[in-house]
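Accompanying notes for the structure given below.
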Amino acid sequence: MTTIHSSQLGFFTAHAPFNRMEREHLLWMLEHMQLGYYAHGEVIVSPEQGIVERFLVIKQGMVQGEQNVADASEADAWLELAEGECFPLGALLAHRPVASVYRADKDTFCYELPVADFHTLLGLSAPFRDFCTRRIANLLEHSKQVIQTQYTQSGAEQQSLTSPLSGIIRRAPVTCAPQTSVREVMKQMHELRIGSMVAVDESGHPLGILTLPDVLERIALPQIDLDQPVIGVMTTQLTALPPQACAYEAALLMAKHGFRHVLVVDNERLTGLVSEKDLFALQRVGLRQIGSTIRHARQPEELQQAAGDIRSMAHNMMAQGVAPEQLTQFISTFNDLLTARVVELEFKNSGLLGTPLHTGLCWMALGSEGRFEQTLNTDQDNAIIFDMPQDMDADQMRAILLPVAKRINETLALCGFPQCKGEIMASNPKWCLSLTEWKRTFSGWISGGSPEALLHASIFFDFRALYGAQHLAEELRQWLARVASDNSRFLHMMAENALQNRPPLGVVREFVVGKDNTLDLKLNGITPFVDAARIFSLAAGVTQTNTIQRLRLSASKMNLHVSEIDAWINALLFIQILRLRHHDEASARGLHDDALDNLIKPEKLNELDRRILKEAFRQARKLQARLALEYHL
Amino acid sequence: MLARLTRWFGSKPQLTPEQQLRLAAWQALPHALPDEPVAATRCVVVDVETTGLNLMQDRLISIGAVAMVNGKIALGDSFYAVLQQQSASEKGNILLHGIGATAQLEGVPPVEALLAFLDYLGNSPLVAFHVAFDETMIKRAFRNYLGFSFKHPWLDLAYVMPGLNPPLAQKYRALDDWIGHFGISIDTRHNALADALATAQLFQVAHAQACQKNITNMAGLRDLEKAQRWVSRVS
């Protein structure tokens, strides 16, 4: 037993996963380690060295992982490892050569463990094994866990909306054969005091469901023959989720469609039934209830109330650590419902409901709403496309539609969506156009390319139908996909414009902060991803508006690597988490939603978050490099 | 004073037959070849703590050493011993190296500590920063406790580093200057083992720099050291 350890233990106990390992295992590891030195620029591990022979921990210095690309000029550092970090775990676990070149970015010392000892240690130490095998998503994962534990402490042992349905199902579902008589089924439901019955075939595959409200509506009121097979009165359009799905997904389904029950189906077999009541315990406000309130609201006040409920629900979900993509999806779903109801009500109040002016109109969401990326403080960005009846011209249409649109914008403002300062709203005559006029407007932007046109394109080209005549928006989308992908000059200018907004990292990879030492997570963090995804999707003819989907779907046509896309998406999601957390903290301090900003002070973040954020910004930088390469900028 | 005089001029220390065998075994080891590349040999980087900086009067308290094997520091191949003292050193000195009075009095009997050090050392060449100090202290301890003259090849980084980095030679003198320049962190300075480790890291830097100049073995590094000794005398 040597004595080198005492002076080295301090280093290891300051870094994960070593800080969680037992001292005995740590000493064993140290006993088998070497310390290597690598001068600035020296290769530490490379694919040419063959199957990796050692596990490395950076004692001091900096290591860069470079993607192994054929063209050296494209070799962009994609990974930066600092003191206390371990590599190359994937290759060690898989007994293969590394895929990237790891190079010392400054004079660097690494602790090194021979591969055989590394595997022995995996067997000895559970925390070490856990860390190494889960490492791939670990940094992001860790951050997420930290956020969740922060919140679950306040939520006690309460199950959260992120628990899987399998954990929520209380008992095996009560089922019957489809040929059972209505009478028999009603008798059983009464005796067992259950609210629903599912009919299944011999293999357990669900065929239909009957719920108590159906009994009144379909059996008692029409006074049907009680001896007929129950399947005849059941709902056979069934909505099912797998047991791994989250409670929140079931809640969202119920809210969207007004169901009270969602079937849980595993491999075509019914394994359980989740009712609204089961989910109710998980949430302070019933999701379906909000949905139902919105759908049946008659007065703006009711919608205002519902808007308030949506917000408190979103805060609640944020507090439970719901992932950002789910949260923004949640917010978008409900805001859509709400907006649709507002539009419908105002058309009704104007006496236009059901007229060609109403049926031939499409209310569009633009900007972040169009991308399904709304957070709690988003102002309105909307527009109208209308179909032109034969006996009217566009100006006549506008004369009738604009006052209605104005009231819609005002009602939405009352519901907490501030009117757009740039007047990008349907009540603006410029943005209430026929399909032909829209195409003309878009064409003008695409061929013109003035700064104003580019700015407009960045908002309007994220449009999607929210209410009404969807086919108009779809036709416009198809047309745009065709026209934009053919116009490389326009895409080139969009790219040039997007590259004006650089991620806030300096040359020495420190954050570049503005006044008050702050960074704008939206402008500097999210926007580079959103802008690049828009350009890729336009170039690739992808018709989706959501940034993540745009990136994924553009990948093959743009020759982007799946791993590259994944890294960008993870980076984007991480920034989004930080942003939502920032909003949540501000709300907890009593700030109103309209006062929420996106400014954070990097020095206030913990070290891990700071490092991941840097890595996320580096991914943004890399994405921009890809854009620059594509458009020769 | 009398004790020290008797130790200096008195009779040879008494070793047990077993201890004599261990000493003889070490003395019989073949010499290391100075032409072997450092990248393929074992070197031992050493640092000592003493009761003070006076070469004539002060005593050895502890020895710390780490081995650099094939260019890498082998953490499992290290050595540390506190030599048992007849009386603890002064308070100011204790604050410097952090070995308390109890630890000093409870250390390993000097003969055992020194023999263990020889076992550990084998025939590997020694490396230190300011060899004159470490060598003198170690040599005297060997003469006093084992009664033999410790002759071993040393390399002095205090000359090698300026030789490899002429622009820095004027500015940097102490170990702290050099490890600071290369960003080598050290958690407990003036602990013989921690200092030896930092010195070993400096040796790794020196080795990498020397390889750039096609100096790859101990012989070459010693030539560099000699040349620098000469330069610093005449300049």
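As a summary of the residue check, A:SER563 satisfies the conditions (1) of a type in the set (Ser, Thr, Tyr); (2) farther than 30 Å from A:ALA82 by Cβ; (3) without any contact (Cβ under 8 Å) to a residue 24 or more places away in the chain except for the one numbered (2). Report yes if A:ARG534 is buried (at least 18 other Cβ atoms within 10 Å of the Cβ), over 25 Å from A:ALA453 (Cβ atoms) and outside the structural domain of A:GLY444 (by TED's automatic domain parsing), otherwise no. For A:ARG534, the condition - buried (at least 18 other Cβ atoms within 10 Å of the Cβ), over 25 Å from A:ALA453 (Cβ atoms) and outside the structural domain of A:GLY444 (by TED's automatic domain parsing) - is not met.
Residues in the range A:379-404 that are surrounded by fewer than 20 Cβ atoms within 10 Å (Cβ to Cβ), touching a helix residue (DSSP H, G or I) at 6+ places or on another chain (Cβ under 7 Å) and either acidic (Asp, Glu) or more than 19 Å from A:GLU437 (Cβ to Cβ) (or both): A:ASP387 only. With the requirement that a residue be charged (D, E, K, R), at pLDDT 85 or above and in a helix (DSSP H, G or I), what does the range A:296-314 give you? Those that are charged (D, E, K, R), at pLDDT 85 or above and in a helix (DSSP H, G or I): A:GLU301, A:GLU302. Could you grab me the full set of residues in the range A:1-52 that are of a type in the set (S, T, N, Q), crowded, with 18+ Cβ neighbours inside 10 Å and either modelled with pLDDT of 85 or more or in contact with a His (Cβ under 6 Å, 6 or more places away or on another chain) (or both)? If the condition is that a residue be of a type in the set (S, T, N, Q), crowded, with 18+ Cβ neighbours inside 10 Å and either modelled with pLDDT of 85 or more or in contact with a His (Cβ under 6 Å, 6 or more places away or on another chain) (or both), then A:GLN34 is the only one that fits.
The residues of the range A:86-122 that are of a type in the set (A, V, I, L, M) and either closer than 22 Å to A:GLY41 by Cβ or not assigned by TED's automatic domain parsing to the domain that holds A:TYR38 (or both), listed by number, are A:ALA91, A:VAL98, A:ALA99, A:VAL101, A:ALA104.
A:LEU553 meets each of the listed conditions (1) farther than 30 Å from A:ALA14 by Cβ; (2) touching a helix residue (DSSP H, G or I) at 6+ places or on another chain (Cβ under 6 Å) apart from (2). The test for being more than 30 Å from A:THR375 (Cα to Cα), in a helix (DSSP H, G or I) and among the polar types (S, T, N, Q) holds for A:THR436. If only residues of the range A:586-607 that are more than 21 Å from the chain's Cα centre (by Cα) and assigned to a loop (DSSP other than H, G, I, E, B) are counted, the one that is modelled with the highest pLDDT is A:LYS601.
Within the range A:320-363, the residues that satisfy the criterion of being within 19 Å of A:ALA394 (Cα to Cα) and in a helix (DSSP H, G or I) are A:PHE347, A:PRO356, A:LEU357, A:HIS358, A:THR359. On inspection, B:VAL69 qualifies as surrounded by fewer than 19 Cβ atoms within 10 Å (Cβ to Cβ), in contact with a strand residue (DSSP E or B) (Cβ under 8 Å, 6 or more places away or on another chain) and within 14 Å of chain A (Cβ to nearest Cβ).
Across the range A:315-346, what is the number of residues that are of a type outside the set (S, T, N, Q), surrounded by 20 or more Cβ atoms within 10 Å (Cβ to Cβ) and more than 28 Å from A:HIS456 (Cα to Cα)? Total satisfying the criteria: 5.
With the structure loaded, tell me whether A:GLY286 is surrounded by 17 or more Cβ atoms within 10 Å (Cβ to Cβ), at pLDDT below 75 and not basic (Lys, Arg) or whether it fails that test. So A:GLY286 passes the test.
Here's the yes/no breakdown for (1) aliphatic (A, V, I, L, M); (2) over 26 Å from A:ALA82 (Cα atoms); (3) outside any loop (DSSP other than H, G, I, E, B):
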{"position": "A:PHE536", "(1), (2), (3)": "no, yes, yes"}
{"position": "A:ALA567", "(1), (2), (3)": "yes, no, yes"}
{"position": "A:PHE574", "(1), (2), (3)": "no, no, yes"}
{"position": "A:ASP584", "(1), (2), (3)": "no, yes, yes"}
{"position": "A:ASP609", "(1), (2), (3)": "no, no, yes"}
{"position": "A:LEU613", "(1), (2), (3)": "yes, no, yes"}
{"position": "A:ALA616", "(1), (2), (3)": "yes, no, yes"}
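Note on the range A:545-568: residues that are buried (at least 19 other Cβ atoms within 10 Å of the Cβ), of a type outside the set (D, E, K, R) and within 18 Å of A:GLN329 (Cα to Cα) amount to 5.
Against the condition under 29 Å from the mean Cα position of the chain (by Cα) and assigned to a helix (DSSP H, G or I), how does A:THR411 come out, does it pass? Judged against the criteria, A:THR411 is a match. Scanning the range A:349-366 for residues that are surrounded by fewer than 24 Cβ atoms within 10 Å (Cβ to Cβ) and of a type in the set (Gly, Ala, Ser) returns A:SER350, A:GLY351, A:GLY354, A:GLY360. Only one of the numbered conditions (1) of a type in the set (Gly, Ala, Ser); (2) within 14 Å of chain B (Cβ to nearest Cβ); (3) in a loop (DSSP other than H, G, I, E, B) is violated by A:ALA16, and that is (2). Looking only at residues of the range B:78-98 that are modelled with pLDDT under 70 and within 14 Å of another protein chain (Cβ to nearest Cβ), we find that the one that is surrounded by the most Cβ atoms within 10 Å (Cβ to Cβ) is B:HIS97.
Conditions tested, residue by residue: (1) in contact with a Leu (Cβ under 9 Å, 6 or more places away or on another chain); (2) polar (S, T, N, Q); (3) within 8 Å of chain B (Cβ to nearest Cβ).
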| position | (1), (2), (3) |
| --- | --- |
| A:HIS32 | yes, no, yes |
| A:ALA39 | no, no, yes |
| A:PRO47 | no, no, no |
| A:ARG54 | yes, no, no |
| A:VAL63 | yes, no, no |
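Looking only at residues of the range B:143-188 that are hydroxyl-bearing (Ser, Thr, Tyr) and out of contact with any Ser or Thr (no Cβ under 6 Å at 6 or more places or on another chain), we find that the one that is modelled with the highest pLDDT is B:TYR159. Identify the single condition in (1) under 26 Å from the mean Cα position of the chain (by Cα); (2) under 14 Å from A:VAL185 (Cα atoms) that A:HIS261 does not satisfy, given that it satisfies every other one. If we test A:HIS261 against (1) under 26 Å from the mean Cα position of the chain (by Cα); (2) under 14 Å from A:VAL185 (Cα atoms), just (2) comes out false.
Against the definition (assigned to a helix (DSSP H, G or I) and surrounded by fewer than 18 Cβ atoms within 10 Å (Cβ to Cβ)), how does A:LEU523 come out, yes or no? Answer is yes for this residue.
A quick yes/no check of all residues on (1) among the aliphatic types (A, V, I, L, M); (2) over 27 Å from A:PHE347 (Cβ atoms); (3) in contact (Cβ under 8 Å) with a residue 60 or more places away in the chain; (4) not assigned by TED's automatic domain parsing to the domain that holds A:GLY354:
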{"residue": "A:THR411", "(1), (2), (3), (4)": "no, no, yes, no"}
{"residue": "A:PRO418", "(1), (2), (3), (4)": "no, no, yes, no"}
{"residue": "A:GLU423", "(1), (2), (3), (4)": "no, no, no, no"}
{"residue": "A:LEU435", "(1), (2), (3), (4)": "yes, no, no, no"}
{"residue": "A:LEU454", "(1), (2), (3), (4)": "yes, yes, no, no"}
{"residue": "A:PHE460", "(1), (2), (3), (4)": "no, no, yes, no"}
{"residue": "A:LEU466", "(1), (2), (3), (4)": "yes, no, yes, no"}
{"residue": "A:TRP479", "(1), (2), (3), (4)": "no, no, no, no"}
{"residue": "A:ARG482", "(1), (2), (3), (4)": "no, yes, no, no"}
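Counting only helices (runs of 4 or more DSSP H) that sit wholly inside the range B:118-235, those with at least 3 residues that are crowded, with 20+ Cβ neighbours inside 10 Å and more than 14 Å from every other protein chain (Cβ to nearest Cβ) are B:131-146, B:157-164, B:218-234. For the range A:96-134, which positions are assigned to a loop (DSSP other than H, G, I, E, B) and more than 14 Å from chain B (Cβ to nearest Cβ)? Residues satisfying the conditions are A:ARG96, A:PRO97, A:VAL98, A:ALA99, A:SER125, A:ARG134.
The values are calculated or read from the model by the stated rules, or taken from the named source; none is laboratory data. Nothing here was measured: the structure is a model prediction, and the numbers come from that model. Positions of Cβ are generated from backbone atoms using ideal geometry, with glycine treated the same way; all protein chains shown enter the neighbour counts.
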